[in-house]
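Below is one structure, written out as structure tokens; the observations come after it.
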Amino acid sequence: MPPHARSGSSATDAAAVDRRQTRQRVIEAAIDLLTRGGREAVTTRAVADAAGLQPPALYRLFGDKDGLLDAVAEHGFAAFLATKHVDPDPRDLIEDLRAGWDTAVEFGLANPALYTLMYSEPTRATSAAFKAGTEILMGRVRRLAAGGWLRVDEELAAQIIHATARGAVLTWLSLPENRRNPSLLTALRESMVAAVTNQQPAVQDAGPAGAARALHAALPEQTTLSSAEQHLLREWLNRLAADG
């Protein structure tokens, strides 16, 4: 590679690094203003002053104030994602569910202004970090389903878990400090557990063979399928059960 080409590449890389660092400095300045003064404190002028920049620089980096707030929310989702502990094979699936819910609520209570911003716009559900966090939640839900613990379908279970955690945080933050009773959080968490899980696993044996045997046993009680459909399903379940 010619020397001038290498020099041009180095300059481009340095400019990209400088842009990322400046962008991060602006986001951190915005978060500090948000934390200390709420959303109204996050003006273009105030953020630019705090970051040591002129306002036009913010427009070049984020487009407009909404773009800046979206970047701050994405930073919040990434920070939340970093707090999530993922155990691919938890010993107690129900306690793992409780722990995940507690982690979500604790993050919201520790970062009230940021959390409120993160969940103030439905469009932020397209955030890459939000989607990664959702995949972690769906992993927990799938393990519950595979173990026979889930009493509703996976999508509804995930919605209930997310909605109760979000509602718990926003309700807590809306209360005067002298009315904040920790029992509220415990009650909401246990209501969530009761809504999405069975008291005992519906499938005693883990894996598809156990699930097949459980479904096979329940077939005579259902009326949705025709006789021919039941016969075909019974044949499939017998083959799956035999593999166990």
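The values are calculated or read from the model by the stated rules, or taken from the named source; none is laboratory data. The shown structure was predicted, so the numbers you read here are calculated from the model rather than taken from an experiment. Note: ideal-geometry Cβ built from the backbone for every residue, glycine included; neighbour counts use all protein chains shown. Note: areas computed on protein heavy atoms with side chains; ligands, DNA, RNA excluded. Shrake-Rupley method; radii C 1.70, N 1.55, O 1.52, S 1.80 Å.
Considering segment 139-189 alone, what residues qualify as being touching an Asp or Glu at 6+ places or on another chain (Cβ under 9 Å) and either of a type in the set (S, T, N, Q) or modelled with pLDDT under 95 (or both)? Within segment 139-189, Arg140, Val141, Arg142, Arg143, Leu144, Ala145, Gly148 qualify.
Return yes or no: is Thr83 open to solvent by 60 Å² or more (accessible area, probe 1.4 Å), among the β-branched types (Val, Ile, Thr) and out of contact with any Cys (no Cβ under 9 Å at 6 or more places or on another chain)? When the stated conditions are applied, Thr83 passes them. Filtered by the rule that a residue be touching a Ser or Thr at 6+ places or on another chain (Cβ under 7 Å), closer than 19 Å to Ala113 by Cβ and either part of a loop (DSSP other than H, G, I, E, B) or touching a residue at least 40 places away in the same chain (Cβ under 8 Å) (or both), segment 74-88 gives Glu74, Phe77.
I'd like to verify a number: residues in segment 92-131 that are at pLDDT below 90 and over 14 Å from Ala78 (Cα atoms), how many? Within segment 92-131, residues that are at pLDDT below 90 and over 14 Å from Ala78 (Cα atoms) number 4. Return the total of residues in segment 53-66 being under 12 Å from Arg23 (Cα atoms), open to solvent by 20 Å² or more (accessible area, probe 1.4 Å) and in a helix (DSSP H, G or I). Residues that pass the stated criteria total 4. One residue stands out in segment 40-52 among those that are open to solvent by 20 Å² or more (accessible area, probe 1.4 Å) and within 16 Å of Leu117 (Cα to Cα): the one that is modelled with the lowest pLDDT, namely Glu40. Evaluating Ala48 against the criteria (1) assigned to a loop (DSSP other than H, G, I, E, B); (2) in contact with a Pro (Cβ under 6 Å, 6 or more places away or on another chain) leaves one unmet condition, (1).
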